[in-house]
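Participant: Before we start, here is the structure in question, set down as structure tokens.
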Amino acid sequence: MESGEFRGRIGRYHWDSEAYWPPEPRPPEGAPNVLVVVLDDVGYAQLGCFGSDIDTPTFDRLAAGGLRYANFHTTALCSPTRACLLTGRNHHRVGMGRIVDLATGFPGYDARIPASCAMAPAMLTPHGYAAWAVGKWHLTPEDEEHLGATRVRWPLGKGFERWYGFFSGETHQFVPALMHDNHAVEPPSTYEEGYHLSADLADRAIEYVEDLRHVDVDKPWFCYLALGACHSPHQAPPEWIERYRGRFDRGWDEWRDRALARQRAEGLLPDHTVLSARPEWVPAWADLDETAQRVHARYMEAFAGFLSHADHQVGRLVDRLEELGELEDTVVVVLSDNGASSEGGPTGSLNDGRVWNALPRTVEEAAEHLDEIGGPRLHNNYPWGWTVAGNTPFRRWKRETHEGGVADPLIVHWPAGIPAGVRGEVRRQYVHAIDILPTLLDLIGLEAPAEVAGVAQVPLDGVSFASTFASAAAPEVHTVQYSEMLGCGALYHDGWKAVRYHEVQVEEPGLDRVPWELYDLRADPAETVDLSADEPERLAAMVERWWQEAERNQVLPLDNRPFSELVFQRDPSVAPRQRYRYWPGRAPVPESVAVNVRARAHTVTAHVTVDAHHEGPVQGVLIHQGSVLGGWSFHLLGDPDGGPSRLVYVHNLAGWRRYRVEAGIEPLGPGDHELAFEFDPPAAVLRVDGEEVGRGEVRRTVWSRFSLTGAGLTAGWAPDFSAADEDYRGRFGFTATLHHVDVDVPGEPVVDAEAEAEAIVASQ
């Protein structure tokens, strides 16, 4: 008899009938709560308990009361690692071979996680768990992140019951692009009022626990807390950055030496570990001039303040769980999604959006904005020297399959399940992100389901490492694992690693001619001695096994060209629109599905009406896209004293240049009006009711992305810290009646996309 079938008796009347209530699903006896904390772009050596001098007392406390896994591995990028973590399958197998922003039309790369590869909450809620996602998602295809999209691949469509967070890979930490369940919301407070996303996310996680306990004191929960920290922009409250003033003045070379010494002393790495050589493209700290040292130290101070502030917010959640009596039987898993980020380039970055638009990032400019680093008007990221330091002692970084890209910190804390005598110890067994879910199911007492919601399931690729909890001598259970990211590949097998590297968006020497390297990781964790010439047979066998794994897991075809999908229309069967209409007051439209006005001729026309009894100046935002970090604004500035108004267009080119076209006009009188901006590169014209009122030039425009932080397009209002931040703050809503705004795009972009892509690579 099916579980949903009525098991009572129905007679003609209630006295000869028997009611029946199906039992509520309950988890196995003693099933623990689960809190998974995902840090972003935090390298192997950047937590205090993994060798850093950055203050992370919460994570250190969890490590001291739990276990540190010193041989934990990820995929080298965020979306793929998160897919592994939540599904227990390899990232290409679930279509997440890259981040969602770089999806391609092949099964391993389409960013569409199939229903046959269910996520953790869909496995747990049928057994009586509550399930919440809080924070970064980055697992929904870009063209499905808008309010008119299917919700199938949103968090609630993947089994979570509540979600509060953001879609994109990064977001402004003071003005995030927030979603709540299945709709968009604005931040609950402002920068001036002390708002920061990390604190907001911790508040929300605490709220979800307390909401559950109001009505059910026994139900276990699964909380996926994915912080924006420490992905760029490295933004933190000023007082947290100030704590680190002067801490990094001695530079990255000395920092690496000290970090390795601490790692050895802690038993994270064997005493024979040799520090990988500083790459030739990273200068010695001592060779930098005083200005560069000051700027680079400040970039690192912002990162450290960001990380410590995030640690404090997680600490508030942990403290609340302890106050509620829940920490003892909560499995807390803390990890990072990939190695430290190299997006800051050789000199660091005031705005990471510039690399996508082939714009310069210089030390001299950063020196002029030193005290603004870490604040709301910059999208800062540290330089390569700190990236290499953050991955101590390993080679390379995020996005690549050498250890610097895939070796990450992992902490497991569970007082009820980890024996007291081993708490604080280090585990050296190989563990991968795909092993987290099988381990949690093991601890809960559940098997991976053969079917979820009527869909047969692909078996999990990961294995449980719960056997390592009790003993450091437990056998390694995960002995073979492939890696691939943007043409870079690797295979781990019983302590050995075959690996190869290829630059992105570069043709030579060709993906079919890249040499493989070979390392004995037990003798050489940092990949410093290539044994490929000494062990050709072993290498050949491992390379052959890699190709087998690649075919089995949908890794093929190999492709190292990420930028092509950003500049060409993804689906050629969809005819492009020539007119887009936007109504005021609606939620932001994501850039991926908004009208594309980047580097192309277009006309913006706002249709407004001024009431005969209107009081005060007619002013406000007509249409806006992006943020202070990059975007554009078309708005009207009125004079409160009744003098001339100003019609203004601002093009904010990733904070590098602000092109401004404005015209003084008579205040709008009662009646209907059309306010227009026409752009035919580089000429820009402003019109009121068809008459030209101003003219200027926009010499260079954004061609790839206005903003990387998820900021969208709005009509009639703008978010705080807008693209025209010099003109207004806050929403700056239009004060008369704005009916709609039409954007006409009859032409094509005027840039050479291939040349721009080459320029991006050259600028890295």
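The values are calculated or read from the model by the stated rules, or taken from the named source; none is laboratory data. All values derive from a computational prediction rather than experimental measurement. When we count neighbours, we look across all protein chains shown, and the Cβ atoms used for this are built from the backbone with ideal geometry, even at glycine.
Participant: Sort through Arg264, Arg247 and tell me the only one that's surrounded by fewer than 18 Cβ atoms within 10 Å (Cβ to Cβ) and assigned to a loop (DSSP other than H, G, I, E, B).
Facilitator: Arg247
Participant: Something else now. Out of the range 169-205, which residues are assigned to a helix (DSSP H, G or I) and either small (Gly, Ala, Ser) or crowded, with 18+ Cβ neighbours inside 10 Å (or both)?
Facilitator: Leu197, Ser198, Ala199, Asp200, Leu201, Ala202, Arg204, Ala205
Participant: Which numbered condition trips up Arg695, out of (1) among the basic types (Lys, Arg); (2) touching a Ser or Thr at 6+ places or on another chain (Cβ under 9 Å); (3) at pLDDT 95 or above?
Facilitator: Going through the list (1) among the basic types (Lys, Arg); (2) touching a Ser or Thr at 6+ places or on another chain (Cβ under 9 Å); (3) at pLDDT 95 or above, Arg695 breaks only (2).
Participant: What are the residues in the range 523-547 that are out of contact with any Pro (no Cβ under 8 Å at 6 or more places or on another chain) and without any contact (Cβ under 8 Å) to a residue 40 or more places away in the chain, if any?
Facilitator: Residues satisfying the conditions are Val529, Asp530, Leu531, Ala533, Asp534, Glu535, Pro536, Glu537, Ala540, Ala541, Glu544, Trp547.
Participant: Also, quick follow-up: Can you name every residue in the range 496-522 that is surrounded by 19 or more Cβ atoms within 10 Å (Cβ to Cβ), among the aliphatic types (A, V, I, L, M) and in contact with a strand residue (DSSP E or B) (Cβ under 6 Å, 6 or more places away or on another chain)?
Facilitator: Ala498, Val499, Leu518
Participant: Let me ask something additional. Within the range 98-107, does at least one residue satisfy the condition of being modelled with pLDDT of 95 or more and over 18 Å from the mean Cα position of the chain (by Cα)?
Facilitator: Yes; the residues of the range 98-107 include at least one that is modelled with pLDDT of 95 or more and over 18 Å from the mean Cα position of the chain (by Cα).
Participant: Among the listed residues Gly626, Gly642, which satisfies the condition of being buried (at least 18 other Cβ atoms within 10 Å of the Cβ) and on the phi > 0 side of the Ramachandran plot?
Facilitator: Gly626
Participant: Related question: Do the conditions hold for Phe222, that is, is it touching a Ser or Thr at 6+ places or on another chain (Cβ under 9 Å), buried (at least 21 other Cβ atoms within 10 Å of the Cβ) and outside any loop (DSSP other than H, G, I, E, B)?
Facilitator: Yes.
Participant: Which one is surrounded by the most Cβ atoms within 10 Å (Cβ to Cβ) among residues in the range 33-45 that are touching a strand residue (DSSP E or B) at 6+ places or on another chain (Cβ under 8 Å) and in a loop (DSSP other than H, G, I, E, B)?
Facilitator: Ranking the candidates gives Val42 first.
Participant: For the range 523-551, which positions are surrounded by 15 or more Cβ atoms within 10 Å (Cβ to Cβ), of a type in the set (D, E, K, R) and part of a helix (DSSP H, G or I)?
Facilitator: Scanning the range 523-551 gives Arg538, Arg545, Glu549.
Participant: I need the full set of residues from the range 108-128 which are under 30 Å from His196 (Cβ atoms) and either at pLDDT below 95 or aromatic (Phe, Trp, Tyr) (or both), in order please.
Facilitator: Those that are under 30 Å from His196 (Cβ atoms) and either at pLDDT below 95 or aromatic (Phe, Trp, Tyr) (or both): none in the range 108-128.
Participant: Would you confirm whether any residue within the range 599-615 is out of contact with any Leu (no Cβ under 9 Å at 6 or more places or on another chain), among the polar types (S, T, N, Q) and within 19 Å of Ala723 (Cα to Cα)?
Facilitator: yes
Participant: With the requirement that a residue be closer than 30 Å to Glu29 by Cβ and touching a Cys at 6+ places or on another chain (Cβ under 8 Å), what does the range 389-431 give you?
Facilitator: Ile411
Participant: Another question, then. Regarding the range 141-153, can at least one residue be identified that is surrounded by fewer than 22 Cβ atoms within 10 Å (Cβ to Cβ), polar (S, T, N, Q) and not in a helix (DSSP H, G or I)?
Facilitator: Yes, some residue in the range 141-153 is surrounded by fewer than 22 Cβ atoms within 10 Å (Cβ to Cβ), polar (S, T, N, Q) and not in a helix (DSSP H, G or I).
Participant: So is His635 in contact (Cβ under 8 Å) with a residue 40 or more places away in the chain and within 32 Å of the chain's Cα centre (by Cα) or not?
Facilitator: It is true that His635 is in contact (Cβ under 8 Å) with a residue 40 or more places away in the chain and within 32 Å of the chain's Cα centre (by Cα).
Participant: I've got another one for you. Where residues in the range 476-495 are in contact (Cβ under 8 Å) with a residue 24 or more places away in the chain and assigned to a loop (DSSP other than H, G, I, E, B), which of them is farthest from Glu551 (Cα to Cα)?
Facilitator: Going through the qualifying residues, I end up with Glu476.
Results for (1) modelled with pLDDT of 95 or more; (2) over 27 Å from the mean Cα position of the chain (by Cα); (3) among the charged types (D, E, K, R); (4) within 21 Å of Ala31 (Cα to Cα), shown as yes or no for each residue.
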position: Leu440; (1), (2), (3), (4): yes, no, no, yes
position: Gly445; (1), (2), (3), (4): yes, yes, no, yes
position: Gly454; (1), (2), (3), (4): yes, yes, no, no
position: Ala466; (1), (2), (3), (4): yes, yes, no, yes
position: Val480; (1), (2), (3), (4): yes, yes, no, no
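Participant: On to the next question. Looking only at helices (runs of 4 or more DSSP H) that lie completely in the range 324-426, which have at least 3 residues being surrounded by fewer than 24 Cβ atoms within 10 Å (Cβ to Cβ)?
Facilitator: Those helices (runs of 4 or more DSSP H) span 363-368.
Participant: Out of all the residues in the range 712-730, which are in a loop (DSSP other than H, G, I, E, B) and among the small types (Gly, Ala, Ser)?
Facilitator: Once the filter is applied, which keeps residues that are in a loop (DSSP other than H, G, I, E, B) and among the small types (Gly, Ala, Ser), the range 712-730 yields Gly712, Gly716, Ala718, Ser722, Ala723, Ala724, Gly730.
Participant: Follow-up. In the range 690-711, which residues are more than 38 Å from the chain's Cα centre (by Cα), surrounded by fewer than 19 Cβ atoms within 10 Å (Cβ to Cβ) and part of a strand (DSSP E or B)?
Facilitator: The answer is Glu691, Glu692, Val693, Arg695.
Participant: Only one residue in Ala177, Ala261 is out of contact with any Leu (no Cβ under 7 Å at 6 or more places or on another chain), of a type in the set (A, V, I, L, M) and within 30 Å of Tyr164 (Cα to Cα). Which one?
Facilitator: Exactly one residue qualifies, and that residue is Ala177.
Participant: Given (1) of a type in the set (D, E, K, R); (2) closer than 27 Å to Ala103 by Cα; (3) in a strand (DSSP E or B), where does Asp512 come up short, assuming only one miss?
Facilitator: Tallying (1) of a type in the set (D, E, K, R); (2) closer than 27 Å to Ala103 by Cα; (3) in a strand (DSSP E or B), Asp512 fails exactly one: (3).
Participant: If you go through the range 216-233 one residue at a time, do you hit one that is in contact with a helix residue (DSSP H, G or I) (Cβ under 6 Å, 6 or more places away or on another chain) and under 16 Å from Asp55 (Cα atoms)?
Facilitator: Scanning the range 216-233 turns up at least one residue that is in contact with a helix residue (DSSP H, G or I) (Cβ under 6 Å, 6 or more places away or on another chain) and under 16 Å from Asp55 (Cα atoms).
Participant: Which condition breaks for Ala131 when tested against (1) outside any helix (DSSP H, G or I); (2) under 18 Å from the mean Cα position of the chain (by Cα); (3) surrounded by 21 or more Cβ atoms within 10 Å (Cβ to Cβ)?
Facilitator: The failed condition is (2).
Participant: Please go through the range 9-26 and give me each residue that is modelled with pLDDT of 95 or more and either touching a His at 6+ places or on another chain (Cβ under 9 Å) or among the hydroxyl-bearing types (Ser, Thr, Tyr) (or both), ordered by number.
Facilitator: Tyr13, Ser17, Tyr20
Participant: Say whether the condition of being in the same structural domain as Gly246 (by TED's automatic domain parsing), at positive phi and not in a helix (DSSP H, G or I) is met by at least one residue in the range 272-280.
Facilitator: Looking for residues that are in the same structural domain as Gly246 (by TED's automatic domain parsing), at positive phi and not in a helix (DSSP H, G or I), one finds none in the range 272-280, hence no.
Participant: Another question about this same structure. Give just the number: which of (1) without any contact (Cβ under 8 Å) to a residue 60 or more places away in the chain; (2) closer than 24 Å to Asp218 by Cα; (3) not polar (S, T, N, Q) does Gly8 not satisfy?
Facilitator: Of everything listed in (1) without any contact (Cβ under 8 Å) to a residue 60 or more places away in the chain; (2) closer than 24 Å to Asp218 by Cα; (3) not polar (S, T, N, Q), Gly8 misses just condition (2).
Participant: Condition check: closer than 30 Å to Ser198 by Cβ, touching a Cys at 6+ places or on another chain (Cβ under 8 Å), free of Cβ contacts under 8 Å to residues at least 40 places away in the same chain and surrounded by 23 or more Cβ atoms within 10 Å (Cβ to Cβ). Does His138 satisfy that?
Facilitator: no
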